[in-house]
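All remarks here apply to the structure that follows.
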Amino acid sequence: MSSRVLAPTFTPTILVVDDVAANRELLDARLADLGYVVREARDGLEALEMLEADEPDLVLLDVDMPRMNGLEVCRRIKGHPTHRLVPVVMITAHQDRATRLAGLEAGADDFLSKPFDAAELRTRTKALLRDRELNKQLDAAEGIVMALARVVEARDRYTIFHAERVGLYAREIGRSYGLAGDDLEVLYKGGVMHDLGKAVIPAEILLKAGALNENEQAIMRRHPVEAIRIIEPLRSMARFVPIVRHHHEHIDGTGYPDHLVGREIPFAARIAAIADGWDAMTSDRPYRSSLGADEAVHRLRAGSGTQWDAELLSIFFDLLDHSLVERVAAEQLRATPRAA
Ligand SMILES: [Fe+2]
Ligand SMILES: [Fe+2]
């Protein structure tokens, strides 16, 4: 019996982009011989459209093409939030150093010289597709953790969308501070997964209507460490550990789980702590209803420099003055349409 009954074979798709039909056909034939699915685009714009419709696993890209040249196509792929993970190989004339440098600058992962060498083509595509497969697995791990974080949140109908909003608030604070790109992604996704550890907190504690007793509080306070036990074996999750582990630390060292003080607390966690504190105070909880915005601002101010980072807090207050709450509410509806 075939060993592939439960694990279907994965056939990578390669997008060949060249304005010369003969070049495309040549590459197409060789790649098909190697067992890949090949698609063809006749110029840069067509390539981007095809990429948008159905992401390939590798792009082979000619440089000189009408409508949009290969360097620009490469730059756009590498500037795209998700397509940037697709490896791009630029096809250059042999010894064309200037184009190779420009290609590197545009983010190309590798180069292939014309005329094509069959062995070179095989080795390069194989290596890049292996990296691509690994990247996809890391991506999948992240997707599963995000999904789990949302399931945890759904257990508790009182705090529904709290995690999503913490992610959105944290990202806005980071943006105002001057962060960009991947850093904002860490703040958003880290915010969404910050309370992941509540997955293992018993429902009678999580949903208790009254105040928690000392023992229950101790169990509840285990959630940052419990979350780390879930994500630590996943290496791609390392960038979220600071937020997940340290979002309950206080500047004066009275927080948990590690009683870190001031700047010992990771920067991302200091941001998430403000986002978390604000959203917790302004939403209904099993044990109390929302405190209201004025009271929440008052309490944040009272904890400035002791519980929360004073500089980041002043950025947050500034954002509140510029309709942050409304923007986050609108974005939350977009991100979690089931609320609509
Ligand atoms: Fe928490
Ligand atoms: Fe929280």
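Things worth noting here:
- Helices (runs of 4 or more DSSP H) fully within the range 33-147 that include at least 3 residues being in contact (Cβ under 8 Å) with a residue 40 or more places away in the chain and within 30 Å of Ala199 (Cβ to Cβ): none found.
- The set of residues from the range 163-178 being over 11 Å from Val328 (Cβ atoms) and touching a Lys or Arg at 6+ places or on another chain (Cβ under 9 Å) comprises just one member, Ala163.
- If you go through the range 276-302 and keep only what is within 16 Å of ligand 1 (Cβ to nearest atom) and surrounded by 13 or more Cβ atoms within 10 Å (Cβ to Cβ), you end up with Asp276, Gly277, Trp278, Asp279, Ala280, Met281, Thr282, Ser283, Arg285, Pro286.
- Scan of the range 187-198 for residues that are under 19 Å from Arg229 (Cα atoms) and either touching a Lys or Arg at 6+ places or on another chain (Cβ under 8 Å) or acidic (Asp, Glu) (or both), ordered by number: Gly190, Gly191, Val192, Asp195, Gly197, Lys198
- Hits in the range 162-181 - residues which are more than 16 Å from ligand 2 (Cβ to nearest atom) and either free of Cβ contacts under 8 Å to residues at least 24 places away in the same chain or buried (at least 21 other Cβ atoms within 10 Å of the Cβ) (or both): Glu172, Gly174, Arg175, Gly178, Leu179, Ala180, Gly181
- Of the candidates Arg150, Arg229, Arg155, the single residue that is within 16 Å of ligand 1 (Cβ to nearest atom), modelled with pLDDT under 85 and exposed (fewer than 15 other Cβ atoms within 10 Å of the Cβ) is Arg155.
- If the condition is being away from ligand 1 (no atom under 13 Å from the Cβ) and within 24 Å of Glu172 (Cβ to Cβ), then the range 186-219 contributes Val186, Leu187, Tyr188, Lys189.
- Residue in the range 169-181 that is within 27 Å of Phe317 (Cβ to Cβ), within 13 Å of ligand 1 (Cβ to nearest atom), assigned to a helix (DSSP H, G or I) and not assigned by TED's automatic domain parsing to the domain that holds Leu85 present: yes
The values are calculated or read from the model by the stated rules, or taken from the named source; none is laboratory data. Since this is a predicted model, take the numbers as computed values, not measurements. Positions of Cβ are backbone-derived with ideal geometry, glycine not excepted, and every protein chain shown enters the neighbour counts.
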